[in-house]
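Participant: Could you have a look at this structure, given as structure tokens, before my questions?
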Amino acid sequence: MSFISIPRVLGVIAAAAAVFFSPAGLAQGAPVAKAKYIEINPAQPTEPGKIEVLEFFSYGCTHCAVLEPLIEKWTKGLPANVVFKPVPIAFNTSMKPLQQLYYSLEAMNRLDLHPKVFLAIHEDKKKLFSKSDVIAWVAAQGVDRAKFEAVFDSFGVTSKSVRADQLATAYKVQGTPSLGVGGRYLTSPSEAGGYQETIDVAAELIKQLSAK
């Protein structure tokens, strides 16, 4: 596959989404059509007094790489009553190292590397699909290799990885990226009709939950 930068991927895939999904824009403040999201049954418990937004993603997912800069921009302006939590999931054992990578970076307070992981895989074509590859790449970013390796295999990271998979099952996540809202709804580019549309649907669902 030829080299394509993330900005170019964003433009190409967004254009394709417009053709294949034929998204219809959401009217300001209008109720979200049910076709644009899935209701979670039973509803899942969330942080008391807050509206929880879960971003189910995988570093190896091209669509997640496209959505990431949009998510980063959107989350900077979320209301105070909204809690946003990335949830890396692994549909199979081969995806586990990337799942552990996120929680290891979180544990070491190095989530500044989070967007760089997407760039490394999808733009620089780095193969970060094994523990050794992940550790080598993180060490190349200036992170202490021994400390990272200890965190990578820690009980805390393992527990969070297990919980992430449990959440994906509870929310009936079929693919990434997907956004869970308030423990009650799930939307994704396939339901919402595109990448920005996914965020727009989630934003309107947040408004509806806030008004209740």
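The values are calculated or read from the model by the stated rules, or taken from the named source; none is laboratory data. The model shown is predicted, which means the values in this text are computed figures rather than measured ones. Cβ sites come from the backbone with ideal geometry, for glycine too, and all protein chains shown count toward neighbours. We work out accessible area using only protein heavy atoms, side chains counted, and drop any ligands, DNA or RNA first. Shrake-Rupley method; radii C 1.70, N 1.55, O 1.52, S 1.80 Å.
Participant: Scan (1) more than 25 Å from K50 (Cβ to Cβ); (2) crowded, with 19+ Cβ neighbours inside 10 Å for the single condition Q99 breaks and write down its number.
Facilitator: Unmet for Q99, out of (1) more than 25 Å from K50 (Cβ to Cβ); (2) crowded, with 19+ Cβ neighbours inside 10 Å: (1).
Participant: Against the condition part of a helix (DSSP H, G or I), among the hydroxyl-bearing types (S, T, Y), without any contact (Cβ under 8 Å) to a residue 60 or more places away in the chain and within 15 Å of Y103 (Cα to Cα), how does T169 come out, does it pass?
Facilitator: no
Participant: Next up: Is it true that some residue in segment 123-141 is at pLDDT 95 or above, among the hydroxyl-bearing types (S, T, Y) and either open to solvent by 20 Å² or more (accessible area, probe 1.4 Å) or more than 19 Å from F56 (Cβ to Cβ) (or both)?
Facilitator: For segment 123-141, residues at pLDDT 95 or above, among the hydroxyl-bearing types (S, T, Y) and either open to solvent by 20 Å² or more (accessible area, probe 1.4 Å) or more than 19 Å from F56 (Cβ to Cβ) (or both): present.
Participant: Condition check: under 15 Å from the mean Cα position of the chain (by Cα) and of a type outside the set (D, E). Does S159 satisfy that?
Facilitator: For S159, the condition - under 15 Å from the mean Cα position of the chain (by Cα) and of a type outside the set (D, E) - is not met.
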